[in-house]
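*Asks:* Below you'll find the structure I mean.
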Amino acid sequence: MKTLIEFIHQKQCEIPYATGEFTQLINDLTIAAKIVNRELTKAGLTDILGESGESNVQGEVQKKLDVFADQHFIKALKNGGQCCAIVSEELDEPVIFDDEFSMKGKYVVAIDPLDGSSNIEVNVPVGSIFSVYQRISPVGTRATIEDLLQPGVEQHAAGYITYGSSTMLVYTTGKGVNGFTYDPSVGLFLLSHPDMKIPEYGAMYSINEANYIYFPEGVKKYINYCQEHDKSTNRPYSTRYIGSLVADFHRNMIRGGIYIYPGTEKNPDGKLRLLYECNPVGFIAEQAGGKATDGFKRILEIKPKSLHQRVPFFTGSVLMVDKAMEFMSLFLENSGRPKGIYCDYCRKPQEQQ
Ligand code: AHG
Ligand code: MN
Ligand code: MN
């Protein structure tokens, strides 16, 4: 069995002038992941469940484990010295290191330290998501916001950890996707899912359907399509919605399926965050042969305007995402309104929002 670090070393040896800095960065992320995993597995026994008493920048109530995971990822990245700046879901402002050691780091990282944390009390899988960029600013100086606001196409690496029936790390550096299962008896991530591919077609759709009445017409029509009977396309599909992006995406990665968190009239940009949810998951989806869009265009090409920016998210099996996008466009064309004047997601004139 190959360990994660052996695997990365081997890949790095294939790149001339590789320095091992990236190996160190991944190693740092796995240290935090192992600590989070340890806390999660005994969460019901210790005083770590429940709310922290604070809210994050999005106004969401923070769980104690959100804060715990956030602190450990930041600590591990700081100790490793390869990372000069971090944007985290749990912190309003970015962490920009100003000590000499960290300013020499050539990477910046965006993290969702604990994804699906509202599920912790009920033992449903949760995750961690990370996105890694090379800094634009000169090594040795203080990193800037521009280092963190790069479009997803510039990602150097991205990954997630799913803390489920087993704990797995899935990551890409732009040359395919590989999955590693954690063996707690030896404390190592071992290569268990080499060269992962998302089936191009599946039979599951994942969306919070309770919000149906608020969805744009294209999404409503696509849901109706998923529920129609058609033997040749295995419809009606099944609904599977855990409410943890990582867990829902991971299932679709293996089985095939589509995950949608659309914009609505009230929240035209949806709920999920571009930098530390949609970009990393989108990069993995594409590298596994799947697709990730906002319903109209490629997620990875969006130039971020702010650190905690949200974006509608359609990802998973390529043929399913294409079909959902077809409905989104059809709806727009049917509206007979010129694109750009009306909001792509909610039909409201832009000036009224
Ligand atoms: P987080 O716990 O990091 O805030 O993310 C929660 C996200 C995502 O994991 C999940 O798919 C989605 O919120 C669920 O939202 P709804 O409860 O609105 O369906
Ligand atoms: Mn999340
Ligand atoms: Mn989170």
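*Asks:* Place a point 7 Å from Cα of I15 in the direction of its Cβ. Which residues in segment 78-119 have their backbone N less than 13 Å from it?
*Replies:* Within reach of a label on I15, which here means backbone N under 13 Å from a point 7 Å along Cα→Cβ, segment 78-119 contributes 106-108.
*Asks:* Right, here's the next one. Using the basic label-point model (7 angstrom from Cα toward the beta carbon), what is the N79 to N208 distance in nanometres?
*Replies:* 3.5
*Asks:* Moving to a separate point now. Could you check which residue among D99, D322, D230 shows the biggest mean-square fluctuation in a GNM of the chain with a 10 Å Cα cutoff?
*Replies:* Highest fluctuation of the listed residues: D230.
*Asks:* Sticking with this structure for a sec: Could you work out how much longer the chain between S55 and Y241 gets when fully extended? Use 0.36 nm per residue separation minus the Cα distance between them, nm to one decimal. Mind dumping the intermediate values first?
*Replies:* Working: separation 186, 0.36 × 186 = 66.96 nm, distance 2.51 nm.
My answer for the length gained is 64.5 nm.
*Asks:* Mind counting lysine pairs for me in segment 4-193? Cα separation below 21 Å, and the two need to be 8 or more apart along the chain or on different chains.
*Replies:* For segment 4-193, the number of qualifying lysine pairs is 16.
*Asks:* While we're on this one: Report the residue, chosen from S131, S317, S166, that carries the largest GNM mean-square fluctuation when the chain is represented by alpha-carbon nodes joined by springs under 10 Å.
*Replies:* Maximum fluctuation in the GNM of the chain, among the listed residues, is at S166.
*Asks:* So how do M1, M325 line up by other beta-carbon neighbours within 10 Å, fewest first? Walk me through the numbers on the way to the answer.
*Replies:* Values: M1 11, M325 19.
Exposure proxy ranking, most exposed first: M1, M325.
*Asks:* Which residues make up the longest stretch of the chain that has no GluC sites (Glu not before Pro) in a DSSP loop with at most 13 other Cβ atoms within 10 Å? Mind showing how you got there, number by number?
*Replies:* Numbers: sites that count: E14, E228.
Looking at the chain, 15-227 is the longest stretch - no exposed GluC sites (Glu not before Pro) with at most 13 other Cβ atoms within 10 Å.
*Asks:* Now a separate question. Need one word for segment 23-89: rounded, prolate or oblate. Basis is the Cα gyration tensor (sqrt eigenvalues a ≥ b ≥ c); a/c below 1.5 gives rounded, then a/b vs b/c decides. Kindly include the intermediate steps, with their values, before the conclusion.
*Replies:* Details: a/c = 3.38, a/b = 1.37, b/c = 2.46.
The shape class here is oblate.
*Asks:* So, R0 is 25 Å and r is the distance between the beta-carbons of N27 and S165; what FRET efficiency does that work out to, to 0.05?
*Replies:* On the way: r = 25 Å, r/R0 = 1.00.
Working from the Cβ atoms, E equals 0.50.
*Asks:* Follow-up. Determine the gain in length on full extension of the stretch L190-Q134; use 0.36 nm per residue of separation and subtract their C-alpha separation, reporting nm with one decimal. Walk me through the intermediate numbers first.
*Replies:* On the way: separation 56, 0.36 × 56 = 20.16 nm, distance 2.62 nm.
Result: 17.5 nm gained on full extension.
*Asks:* Can you tell me, using C-alpha contacts under 8 Å and at least 6 residues apart, the relative contact order of segment 204-334 as a whole percent?
*Replies:* Working: 218 pairs, mean separation 38.3, N = 131.
It rounds to 29 percent for segment 204-334.
*Asks:* Can you work out the FRET efficiency for the pair K104 and T144, with r the C-beta to C-beta distance and R0 = 22 Å, to the nearest 0.05?
*Replies:* Values: r = 16 Å, r/R0 = 0.71.
So the FRET efficiency works out to roughly 0.90.
*Asks:* So between E265 and K305, what do we pick up on full extension, going 0.36 nm a residue minus the alpha carbon distance? Please report the intermediate quantities before stating the final value.
*Replies:* Details: separation 40, 0.36 × 40 = 14.40 nm, distance 2.09 nm.
Computed gain between E265 and K305 is 12.3 nm.
*Asks:* With +1 on the Cβ of every Lys and Arg and -1 on the Cβ of every Asp and Glu, and nothing else charged, how large is the dipole of segment 204-334 about its Cα centre, in debye rounded to the nearest 20? Display every interim value, and only then the final one.
*Replies:* On the way: 17 positive and 14 negative charges, 52 e Å.
Dipole about the Cα centre, nearest 20: 260 debye.
*Asks:* Which of V186, V139, V246 comes first, and how do the rest follow, when ranked by fewest Cβ neighbours within 10 Å? Please list the in-between numbers first.
*Replies:* Working: V186 9, V139 12, V246 27.
So the residues, fewest neighbours to most, are V186, V139, V246.
*Asks:* For segment 4-193, rounded, prolate or oblate, judged on the Cα gyration tensor with a ≥ b ≥ c (square roots of eigenvalues), a/c < 1.5 rounded, else prolate if a/b > b/c?
*Replies:* Numbers: a/c = 1.96, a/b = 1.21, b/c = 1.62.
Oblate, because a/c is 1.5 or more while a/b does not exceed b/c.
*Asks:* Run the numbers on segment 4-193 and let me know its relative contact order in percent, using alpha-carbon pairs under 8 Å that are six or more apart. Working shown, then result.
*Replies:* On the way: 344 pairs, mean separation 28.2, N = 190.
Averaging sequence separation for qualifying contacts and normalising by length gives 15 percent for segment 4-193.
*Asks:* Specify the inter-centroid distance of segment 1-66 and segment 99-161, based on alpha-carbon positions, in whole Å.
*Replies:* If you average the Cα positions of each part, the centres end up 11 Å apart.
*Asks:* Dipole magnitude of the chain about its Cα centre, charges +1 at Lys/Arg Cβ and -1 at Asp/Glu Cβ only, in debye to the nearest 20? Before the final figure, lay out each step's value.
*Replies:* Details: 36 positive and 43 negative charges, 160 e Å.
With Lys and Arg at +1 and Asp and Glu at -1, about 760 debye.
*Asks:* Just to be sure I understand the model, the point goes 7 Å from the Cα along the line to the Cβ. What's the resulting M1 to E154 distance in nm?
*Replies:* 3.9
*Asks:* With r defined as the distance between the Cβ atoms of K231 and K297 and R0 fixed at 25 Å, what FRET efficiency is calculated, to the nearest 0.05? Intermediate values should be presented prior to the final figure.
*Replies:* Values: r = 33 Å, r/R0 = 1.32.
Taking R0 as 25 Å, the efficiency between K231 and K297 is 0.15.
*Asks:* Amide H to amide H under 5 Å from S88: which residues, 5+ apart in sequence or cross-chain, H placed 1.01 Å off N in plane?
*Replies:* Distant-sequence amide H within range of S88: V95, I111.
*Asks:* Under 18 Å between alpha carbons, and skipping anything fewer than 8 positions from K266 in its own chain: which lysines qualify?
*Replies:* Cross-link targets: K220, K348.
*Asks:* Now a separate question. For the chain, what is the mean residue ellipticity at 222 nm derived from helices alone (per DSSP H run of n ≥ 4: -39500 (n - 2.57); sum divided by total residues; nearest 500 deg cm²/dmol)?
*Replies:* Numbers: 9 runs with 104 residues, N = 353.
Calculated at 222 nm, the ellipticity per residue is -9000 deg cm²/dmol.
Any read-out appearing in this document is the output of simple, stated calculations on the displayed coordinates, not a laboratory observation. Please read all numbers here as calculations on a predicted model, not as lab measurements. Glycine gets a Cβ as well: all are built from the backbone with ideal geometry, and neighbour counts include every protein chain shown.
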